[in-house]
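Encoded as structure tokens, the structure appears first; notes follow it.
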Amino acid sequence: MQTWVIWLIIAVALGAAEIVTTTLALGLLAVSALVAGGVAAVGGGPLLQLAAFLVASAGGVGIVRPIALRHIKQPPLLRTGTAALVGRTALVLDEVSDHGGRVRIGGEDWSARPYDEDMVIPAGTKVDVFKIEGATALVYPRQELA
């Protein structure tokens, strides 16, 4: 069996293992095995194949993987949907208590409950949106009630 075929089999096995584990390391090693297989296909000797595999592996795992992990773990730059409402200011339309109430957030009316369950927030109070649960905003007054 030709050497490049062996490298191709190794690359496929590493690629399959990457799909199962999702570590980003095994996939980069699979690419390194393809590089070594390419060297073998053009007639490079075993020592040159091993060197190509090691250099490509070191470059992939040492340089590419940390950059890829940083980009994967990066939070989205733009909040959308209900996540965009968290932190906004709202105006209480109907008294907000543990039983419900209404607030206006950016021109839209939302059902609301106080973030602190024991609190009652009167109409006309400015509140901050702490969380959205379904179609209900959990709010807290901007200034502590007396």
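Summary table below
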read-out: Among residues of region 84-110, those that are in a strand (DSSP E or B), over 29 Å from the mean Cα position of the chain (by Cα) and small (Gly, Ala, Ser), counted; value: 3
read-out: Every residue from region 111-131 that is aromatic (Phe, Trp, Tyr) and in a loop (DSSP other than H, G, I, E, B); value: Tyr115
read-out: Gly44 crowded, with 19+ Cβ neighbours inside 10 Å and either assigned by TED's automatic domain parsing to the domain that holds Leu8 or part of a strand (DSSP E or B) (or both); value: no
read-out: Leu54 in the same structural domain as Thr23 (by TED's automatic domain parsing) and either modelled with pLDDT of 95 or more or loosely packed, with under 13 Cβ neighbours inside 10 Å (or both); value: yes
read-out: Subset of region 70-105 [of a type outside the set (Gly, Ala, Ser) and exposed (fewer than 12 other Cβ atoms within 10 Å of the Cβ)]; value: Arg70, His71, Ile72, Lys73, Gln74, Pro75, Pro76, Leu77, Leu78, Thr80, His99
read-out: Number of the exception - Lys131 against (1) free of Cβ contacts under 8 Å to residues at least 40 places away in the same chain; (2) surrounded by fewer than 17 Cβ atoms within 10 Å (Cβ to Cβ); (3) farther than 16 Å from Gln143 by Cβ; value: (1)
read-out: In region 18-36, the residues that are crowded, with 16+ Cβ neighbours inside 10 Å and over 21 Å from Ile63 (Cβ atoms); value: none
read-out: Which numbered condition Arg65 misses (of (1) surrounded by fewer than 12 Cβ atoms within 10 Å (Cβ to Cβ); (2) closer than 30 Å to Ser32 by Cβ); value: (1)
read-out: Matching residues, region 110-128, being among the aliphatic types (A, V, I, L, M) and surrounded by 14 or more Cβ atoms within 10 Å (Cβ to Cβ); value: Ala112, Met119, Ile121, Val127
read-out: Options Leu29, Leu78, Leu85, Leu34; residue that is touching a helix residue (DSSP H, G or I) at 6+ places or on another chain (Cβ under 9 Å) and closer than 30 Å to Glu133 by Cβ; value: Leu78
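Rundown of residues vs (1) among the hydroxyl-bearing types (Ser, Thr, Tyr); (2) without any contact (Cβ under 8 Å) to a residue 24 or more places away in the chain, yes/no style:
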{"position": "Thr22", "(1), (2)": "yes, yes"}
{"position": "Ala30", "(1), (2)": "no, yes"}
{"position": "Val55", "(1), (2)": "no, yes"}
{"position": "Ile63", "(1), (2)": "no, yes"}
{"position": "His71", "(1), (2)": "no, yes"}
{"position": "Leu85", "(1), (2)": "no, no"}
{"position": "Glu95", "(1), (2)": "no, no"}
{"position": "Arg113", "(1), (2)": "no, no"}
{"position": "Glu117", "(1), (2)": "no, yes"}
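The values are calculated or read from the model by the stated rules, or taken from the named source; none is laboratory data. Fair warning: this is a prediction, and the values are worked out from it, not measured in the lab. Don't worry about glycine lacking a Cβ; one is built from the backbone with ideal geometry, like all the others, and counts go over all protein chains shown.
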